Each structure stands twice: as C-alpha cells, then as structure tokens.
Amino acid sequence: MGTIQQRFEVEQPVAAVYEVLARPLEVLQRLPGVIGVSRIADDLYRVTVGPVTAPRELDFQLVRNEALRRVEWRTADGLWSGAVSLEPLGPARTAVGVHAESLSADAPSPSPSTGHDILQAFKRALQSHEVRISRGPLDSASARDAASSGRRFASDWREAARSAFSSSSNPFALVRSVTHEMDRLWEQVWRGTPIARLPHIMPRLAWNPSVEVCERDDQVRVCIDVPGIDESQLQVEIQDRNLTVRGERHDDRGNDGGRRRSELHYGSFTRRILLPDGIDADAAKAILRNGVLEIRIPLHRREPRRVPVQHAS
C-alpha cells in the first residue's frame, strides 16, 4: 500500500489547467520513464514505460470529471487510483492538489526520488507557456521570409528525391535498405546507454521534421517543415529557455482500400530546441504558411555592466 499527495500552485487559469487534465495525452508523455502514449478509447490511454530493453504497458482511465474542479482516474488493472483537484486563486493562478494511492499490497510503489520527479514533471506540464498559432501575416517581411523558407524546403526535398531515384532502379528498396541499416547502427551504438531511453530516437517516433534556427541581435527565428498539417494539430510551448513543438499528421487516405506505397510519415512528432538567454516568451509569435511553421521570439540582450574598481583607503 502506498500514497502520494501534494499541493502546489501554477500560473495558469483554472480553465486552462482543467482542459489539460481532461485530455491528459500531453501530460502523460512528459512523465519520467514514459516512452509512448496512445489513446485507445474515450478517456482510456495506454502508457508504455521503460526501460527500453523491457518496456511494459499500463492502461490509464479517467473515471470522473467535475468541470473546473476535479478529475478522477484509475489504472485498468485496479492497482492505483487517484484524483487531481483544482482551486482558482485568481484570474491566472490555480492551486492543484494531487492524490494517488495503491489499492493492493502487490502494487509497486515508486521510490521517494521517483515520486518527486513525477510530481515535478507534472507541475511543469501544467505550467508550460503556450504560443498560439495563426495563419495571418505577421508583417510583409515575415511573409517574404516564410515564402522563401517554403520554397527552400521544397527545393531541398526535390533534390533529395531526384538523387534517390537516379541512384537506384528501385527507390523503395533503397529506402528500406537505408532505414534498416540506420536502425541497426543506432541499436549497436546506443544499446545499454542512458541516451537509449530518450523518446526522440525511439522507432515509434520515426517522424522528425527538419528544423532551421536563425539568431539575430533582436530575435530568434525557428522554422519547422510541417507540410500537410493544419494549425489546429500544432502546439508550441516555451518553458524557461526550452521551445517544444508538437504536432500530428493524420492519414486521411488510410481507409481508401487497395494497394499503396508511401514514404510519407504520419502520426505525432515532438521537437525540442534550446533557446539563448534573454528571450521574451510572452511576445513570441507563431505562423503557419506554405507548410512551414515559423516561430519568432524577441531577444533582449543586456550589455555587460562594468563595475569600477576603487582603491581602499
């Protein structure tokens, strides 16, 4: 038998916190040891936890929601249950109470350090700063830059495709061969190391969109190549100096029937970029144009302050 209980505060409106808890896919993905999360039914999620060499699956279900106040959950095996309660402290501040308890003596209890890491990751997920994505122009210069980025990405894709088709009579066999060799190399190099547990190199997360980062004196610009994705399927967050971009591309032709060969990537992705010091996250803007997501973050650098040296009397 074990119990986890804590109360903390986040700088977010209670409605925003409740919305995250009512659809906990993103929160579950951020918890330590989690290497994959999928929604298998209404309010039922399947969580895959490490280690990578021996992963195990755990079904997590929301059993009751009280709008803007409380979310109750349990594991499908009946070993754990709990609740998260919310209390508004102001227009943009919410108190969060976390309670979890094991219902069986056979339930494995996390160590104190693991429990602390889980609660801290949970708090950071609720506290994350989110940047809204728009389709409108930022300004004429940004529109020109976005269009140029879109043309550049398209040109690079065409060159890569032309090279692949000219180097092999069967491009699909070439792609399969290269993919197999890369998977084998990664497995040999990273097997048994801590970095093998990082989610961004897991085979289930095969899609890794290309990223371009440009830093100037007054701003940082991040461009991500996301063709075929609507802005409603993109999420941009800034926490401290970490920029996180998540998205998902759906396979709308998956049920058309017949035979199909495809080199396109479908499903979800996550890219994380470390930003320089001096960013203004509150003024960040994100715009989607021509299949390229462009994020602009103002940068305020401080000049070093010179301290005069005095002679002691």
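The values are calculated or read from the model by the stated rules, or taken from the named source; none is laboratory data. The structure presented is a predicted model; accordingly, all values stated were derived computationally and were not measured. FYI the Cβ positions are ideal-geometry reconstructions off the backbone, even for glycines, and counts take in every protein chain you see.
Before moving on, here are some points about what is shown:
Condition check ((1) out of contact with any helix residue (DSSP H, G or I) (no Cβ under 9 Å at 6 or more places or on another chain); (2) at positive phi; (3) free of Cβ contacts under 8 Å to residues at least 60 places away in the same chain) across all residues:
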{"residue": "R246", "(1), (2), (3)": "no, no, no"}
{"residue": "D251", "(1), (2), (3)": "yes, no, yes"}
{"residue": "G258", "(1), (2), (3)": "yes, yes, yes"}
{"residue": "Y266", "(1), (2), (3)": "yes, no, yes"}
{"residue": "R272", "(1), (2), (3)": "no, no, no"}
{"residue": "L275", "(1), (2), (3)": "no, no, yes"}
{"residue": "I279", "(1), (2), (3)": "yes, no, yes"}
{"residue": "K285", "(1), (2), (3)": "no, no, no"}
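- Some residue of region 47-60 being at pLDDT 90 or above, in a strand (DSSP E or B), over 19 Å from the mean Cα position of the chain (by Cα) and surrounded by fewer than 13 Cβ atoms within 10 Å (Cβ to Cβ): no
Yes/no per residue for (1) in a strand (DSSP E or B); (2) touching a Cys at 6+ places or on another chain (Cβ under 9 Å); (3) assigned by TED's automatic domain parsing to the domain that holds Q219:
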{"site": "T244", "(1), (2), (3)": "yes, no, yes"}
{"site": "G258", "(1), (2), (3)": "no, no, no"}
{"site": "F269", "(1), (2), (3)": "yes, no, yes"}
{"site": "I273", "(1), (2), (3)": "yes, no, yes"}
{"site": "P276", "(1), (2), (3)": "no, no, yes"}
{"site": "A286", "(1), (2), (3)": "yes, no, yes"}
{"site": "R305", "(1), (2), (3)": "no, no, no"}
{"site": "S313", "(1), (2), (3)": "no, no, no"}
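- Tabulated pairs, region 12-25, first touching a residue at least 40 places away in the same chain (Cβ under 8 Å) and farther than 16 Å from A83 by Cα, second of a type in the set (A, V, I, L, M) and in a helix (DSSP H, G or I), C-beta under 7 angstrom, 6+ apart or interchain: Q12/L126
- Residue match in region 251-261 (condition: within 30 Å of R124 (Cα to Cα) and under 25 Å from the mean Cα position of the chain (by Cα)): no
- Residue count for region 49-68, restricted to those that are under 21 Å from F269 (Cβ atoms) and in contact (Cβ under 8 Å) with a residue 60 or more places away in the chain: 2.
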